[in-house]
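First up is the structure itself, then whatever we jot down about it.
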Amino acid sequence: MLSAFKRKFRQLVNDPVLRAWLIGRALGRYPAAPAFDAHQPPYLQSLLPLRASGPHRLPPAVPAAQEVSAAGAITVPLPGLELTLDADNPEAFFRTAVDDIEVDLARHRFAWLPLLETVPDGFFRTAWASWRRLFFDHEGMHWHPYSAAERAINLIDGMARFGAPDDARRLADDLAYHAQIIAGRLEYFGSHDTSNHLANNGRGLYRIGCALGNITIRTLGFDILAHEARRICLPSGMLREGSSHYHMLYLRNYLDVWLCARNHGHTADAETFRNIAAAMLAAARSLVLPGGLPLIGDISPDVPPAYLSGIEQGLGAWAATRTGAEQQMLKSLTREVGAASPDDLLADGWLNWADTRWSALAHIPPGGWPFMPGHAHQDMGSAEIHVDGQALFVDPGRGIYGDSPAAAAYRTSSVHGTLRIDDLDPYPANKPYYTNTFRARIAGPAKANIQSDGFTLTHGGYQRIGVDAVRRQWRFSDTGMRIMDAVTGHGVHQIERALVTPGQTRIEGNAVIIDERFKIQTGNLEPVIRPITLWQAYGSGVTGSRISFETVTTLPWTGTITVEDIR
């Protein structure tokens with residue numbers, strides 16, 4: 001308790017925006033967040049508490065339990081590492097100490113099961129029996145509702161692929177218990193502080209309800225999924241939380257329940273889920289550049305980005321786990337759905353621009369502040385840029401959660417390819433309880449425009465330090481590109497402009513050469529190159545470079561970065 005108090009006290013001392021909010025609240029300038037009953041979404045009043053009476057049964061179509069005893073050992077993929085599941089000592093797989101709670105939760109969620117193309121006879125049964133013996137009757141994070149939902153879904157899908165891992169009647173009771181846990185601990189924390197987790201709670205309930213043929217559980221899951229889609233998705237179909245990978249993850253989730261509803265003959269449910277998935281699919285197509293999906297914002301530990309690669313086309317590793325009929329339904333849907341319009345996408349905070357050679361994606365939330373609660377970073381003013389089908393400048397993503405310095409850094413602008421002033425993030429740290437009126441008093445909005453030869457961004461995130469506005473213009477041509485910057489305001493400030501690249505870099509005079517192909521410079525400023533991890537999945541990355549140019553100047557100020565193709 002004392003350490004928590006010290007942490008909050010340090011946060012208050014170091015965050016003048018938070019202090020301004022608390023003073024404003026004390027003076028009655030800003031209303032408190034509306035009152036709410038935790039775990040009790042108002043639209044579910046008639047359905048909670050969950051009363052799903054038994055007996056519970058799995059349908060006869062579930063393949064029979066694997067009676068063959070497991071033998072030998074298999075390698076199991078977890079976020080950022082691999083562990084061995086030995087049939088002679090399966091408990092060691094679950095007991096082995098790991099440093100990251102996300103790795104531990106991946107074990108409890110059986111998140112590794114769908115990542116395996118095949119599972120030798122008996123291993124699914126052995127792993128489930130071991131987990132059940134160790135954890136089923138004990139409280140802990142393994143019964144957190146998000147983890148319970150993920151585990152239930154992976155069990156249901158595992159049964160279809162590898163056979164039931166236990167007696168069918170006991171499995172049915174176990175799934176029903178998962179539903180009771182999820183429904184009793186729904187991750188609802190008011191209109192201001194409820195994240196995408198509640199939608200996944202609904203997904204778990206819906207999948208369990210369908211598996212058991214239980215209309216009460218299924219209806220509860222459907223209502224959550226339908227309501228939460230309207231809340232967590234913006235008009236363009238984009239997930240509002242500022243992460244490209246999480247958007248793909250939740251596209252997968254809604255495609256999943258659409259297929260489930262179709263398979264179980266719930267036509268009305270399927271139509272609702274199809275419409276949601278179609279809108280998210282259209283937005284997803286606008287996120288993918290020729291060189292692949294930019295990993296802007298957090299990377300989920302639930303599945304590696306590569307597992308969802310191609311999902312916007314109805315293809316890829318996840319699609320390959322579906323039945324032949326389901327794969328045809330996915331491909332049919334993707335043929336019917338085009339990309340979201342650039343204007344709709346831009347209105348919801350994502351800029352996609354391309355010509356015959358160059359392409360770019362930038363996250364530009366209209367209010368400027370990274371959405372909270374969510375998975376966005378302080379990336380205002382950065383853009384992922386591909387040329388000739390390859391990534392040239394990238395977003396580093398984030399491969400570790402938590403508040404350690406290494407994990408927290410990847411939420412900040414200090415690792416992004418943007419313009420920073422006085423070593424501060426473009427916008428203050430956001431809090432879910434801040435009101436829009438308060439945010440507008442502290443920092444100005446962001447606005448982007450698309451032109452035929454590039455795009456322009458203007459934002460007022462630094463108004464808190466006397467900077468009126470930052471304007472960045474990206475202009476592209478056959479021979480290269482330019483980033484033209486202008487900062488208005490008053491006073492003397494330090495300005496850093498950075499670019500992050502996966503290419504090989506070296507310094508030549510006042511320029512940086514990338515892959516012996518592109519030359520980057522800005523006047524006579526000397527560049528600095530620092531190594532940086534470019535995360536490809538949670539816990540897994542490669543080394544890239546962050547190129548920066550710094551100057552101390554009196555405002556107003558202008559400068560241009562040139563990127564010249566020297567082939």
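The values are calculated or read from the model by the stated rules, or taken from the named source; none is laboratory data. What you see is a predicted model; the values in this text were computed from it and never measured. In this analysis, Cβ positions are derived from the backbone assuming ideal geometry, glycine residues included, and neighbour counts consider all displayed protein chains. Protein only, heavy atoms only, side chains kept; ligands, DNA and RNA dropped before computing areas. Shrake-Rupley method; radii C 1.70, N 1.55, O 1.52, S 1.80 Å.
Given a 1.4 Å probe and the protein chains as shown, residue 191 ends up with an accessible area of around 80 Å². The calculated FRET efficiency for the pair residue 167 and residue 477, based on their C-beta separation and a Förster distance of 56 Å, comes to about 0.25.
With contacts taken as Cα pairs under 8 Å at a separation of at least 6 residues, the chain carries a relative contact order of 11 percent. Computed from label points 7 Å out along Cα-Cβ, the spacing between residue 73 and residue 465 is 5.2 nm. For the chain, the pair-distance distribution built from all alpha carbon pairs, in bins 20 Å wide starting at 0, is 20, 51, 26, 3 percent.
Relative to the longest principal axis of the Cα atoms of the chain, the long axis of helix 215-232 lies at roughly 0 degrees. Treating r as the C-beta distance of residue 564 and residue 347 and R0 as 45 Å, the FRET efficiency rounds to 0.85. Using only Cα positions of the stretch 496-567, each an equal point scatterer, no hydration layer, compute I(q)/I(0) via Debye at q = 0.11, 0.18 Å⁻¹ and quote the log10 values to two decimals. Those come out to -0.31, -0.72, one per q. Distance between the pseudo-spin-label points of residue 404 and residue 86 (7 Å out from Cα toward the beta carbon): 2.7 nm. With helices as the sole contributors, the chain gives -11000 deg cm²/dmol at 222 nm; each DSSP H run of n ≥ 4 counts as -39500 (n - 2.57), and the sum is divided by every residue.
Net charge dipole, the chain: roughly 1260 debye, given to the nearest 20, about the Cα centre with Cβ charges of +1 for Lys and Arg and -1 for Asp and Glu.
Angle check, please: helix 168-184 long axis (alpha carbons) against the longest principal axis of the chain (alpha carbons), in degrees 0 to 90, nearest 10. So the inclination is approximately 40 degrees. The separation of the stretch 95-122 from the stretch 343-386, counted between C-alpha centres, amounts to 33 Å.
Against the compact-protein benchmark of 2.2 N^0.38 Å, the Cα-based radius of gyration of the stretch 252-378 scales to 1.13.
Spacing of the modelled spin labels on residue 557 and residue 331, each 7 Å from Cα toward Cβ, amounts to 5.6 nm. Each residue was assigned an accessible area with a 1.4 Å probe, and for residue 456 the value is about 20 Å².
Does a label point 7 Å from the Cα of residue 15, set along Cα-to-beta-carbon, have any residues of the stretch 382-407 with amide nitrogen under 20 Å, and which are they? Residues 401-407 fall inside that zone. Taking the empirical scaling 2.2 N^0.38 Å for compact globular proteins as reference, the stretch 173-256 has a Cα radius of gyration ratio of 1.09. Annotation: extensible slack from residue 38 through residue 542 equals 177.4 nm (criterion: 0.36 nm per residue apart, minus Cα-Cα distance).
Between helix 324-336 and the chain there is an angle of about 30 degrees, using the helix long axis and the longest principal axis of the Cα atoms. In square nanometres and to one decimal, what's the mean projected area of the convex hull around the Cα atoms of the stretch 128-229? So the Cα hull casts an average projection of 6.6 nm².
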